[in-house]
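Structure provided below as structure tokens; questions to follow.
The values are calculated or read from the model by the stated rules, or taken from the named source; none is laboratory data. Being a predicted model, the structure only gives us computed values, none of them experimental. For neighbour counting, all protein chains shown are included, and Cβ atoms are generated from backbone atoms with ideal geometry for every residue, glycine included. For accessibility, only protein heavy atoms count, side chains too; no ligands or nucleic acids. Shrake-Rupley method; radii C 1.70, N 1.55, O 1.52, S 1.80 Å.
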Amino acid sequence: QVRLVESGGGLVQAGGSLRLSCAASGLSFSNYAMGWFRQAPGKEREFVATIRWSGGSTSYAGSVKGRFTISRDNAKNKVYLQMNSLKPEDADVYYCAACQTFPTHIAFLYDYWGQGTQVTVSS
């Protein structure tokens, strides 16, 4: 069975940093583009970042560009989201997702999702 397990969330002060990790199992990891999304209760999931199968090509939401960095380690079946200069509006549940088709910001195109990890930013 496919599993995506996020970790690294927590409480951080505004301006601080966190690194989220996503460990994947049960799929051919290098064949999937990976993405990060975030979601507040009662709202739709919001695109954050995506990275292609072998890394290199990345894309970011305008709200996080220059502050967040997505990366992947195919040898470890992991994808990361380095979050710097965090703002209170970044506080959300962050989800890791896998897409076999292509790197995309469209949530419904992703094949698998993790359970999410909570990020809280205090001012």
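Name the residue that is farthest from T117 (Cα to Cα), counting only residues in the range 81-98 that are charged (D, E, K, R) and open to solvent by less than 40 Å² (accessible area, probe 1.4 Å).
So in the range 81-98, the residues charged (D, E, K, R) come out as 87, 89-90, 92.
Next cut, open to solvent by less than 40 Å² (accessible area, probe 1.4 Å) only: 90, 92.
Values: D90: 13, D92: 8 Å.
Here the answer is D90.
Of the conditions (1) among the small types (G, A, S); (2) surrounded by fewer than 18 Cβ atoms within 10 Å (Cβ to Cβ); (3) at positive phi, G116 satisfies every one except a single condition; which number is it?
Condition (2) is where G116 drops out.
Determine the pairs where a residue that is farther than 24 Å from K76 by Cα and modelled with pLDDT of 95 or more, located within the range 43-61, has a partner that is among the acidic types (D, E) and open to solvent by less than 50 Å² (accessible area, probe 1.4 Å) with Cβ atoms under 9 Å apart, the partner being 6 or more residues away or on another chain.
Close Cβ pairs (under 9 Å, with a partner that is among the acidic types (D, E) and open to solvent by less than 50 Å² (accessible area, probe 1.4 Å)) amount to E46/D92.
Considering each of G10, G66, G55 in turn, give the residue that is open to solvent by 30 Å² or more (accessible area, probe 1.4 Å), more than 13 Å from the chain's Cα centre (by Cα) and not charged (D, E, K, R). First the steps, then the outcome.
Numbers: G10 fails: open to solvent by 30 Å² or more (accessible area, probe 1.4 Å); G55 fails: open to solvent by 30 Å² or more (accessible area, probe 1.4 Å).
The unique qualifying residue is G66.
Any residue at all in the range 42-50 that is open to solvent by 60 Å² or more (accessible area, probe 1.4 Å), touching a Ser or Thr at 6+ places or on another chain (Cβ under 8 Å) and among the small types (G, A, S)?
Residues of the range 42-50 open to solvent by 60 Å² or more (accessible area, probe 1.4 Å): 42-46.
Now drop any that are not touching a Ser or Thr at 6+ places or on another chain (Cβ under 8 Å), which leaves none.
Taking every residue of the range 42-50 in turn, none turns out to be open to solvent by 60 Å² or more (accessible area, probe 1.4 Å), touching a Ser or Thr at 6+ places or on another chain (Cβ under 8 Å) and among the small types (G, A, S).
Please indicate, with yes or no, whether at least one residue in the range 14-21 is touching a residue at least 12 places away in the same chain (Cβ under 8 Å) and open to solvent by 70 Å² or more (accessible area, probe 1.4 Å). Write out each step before concluding.
Going through the range 14-21, the residues touching a residue at least 12 places away in the same chain (Cβ under 8 Å) turn out to be 14-21.
Applying the additional criterion that residues be open to solvent by 70 Å² or more (accessible area, probe 1.4 Å) yields 19.
Scanning the range 14-21 turns up at least one residue that is touching a residue at least 12 places away in the same chain (Cβ under 8 Å) and open to solvent by 70 Å² or more (accessible area, probe 1.4 Å).
Residue under question is A33, and the condition is that it be at pLDDT 95 or above, exposed (fewer than 15 other Cβ atoms within 10 Å of the Cβ) and touching a Pro at 6+ places or on another chain (Cβ under 8 Å); does it hold? I'd like the intermediate steps shown before the answer.
Details: at pLDDT 95 or above: yes; exposed (fewer than 15 other Cβ atoms within 10 Å of the Cβ): no; touching a Pro at 6+ places or on another chain (Cβ under 8 Å): yes.
Answer is no for this residue.
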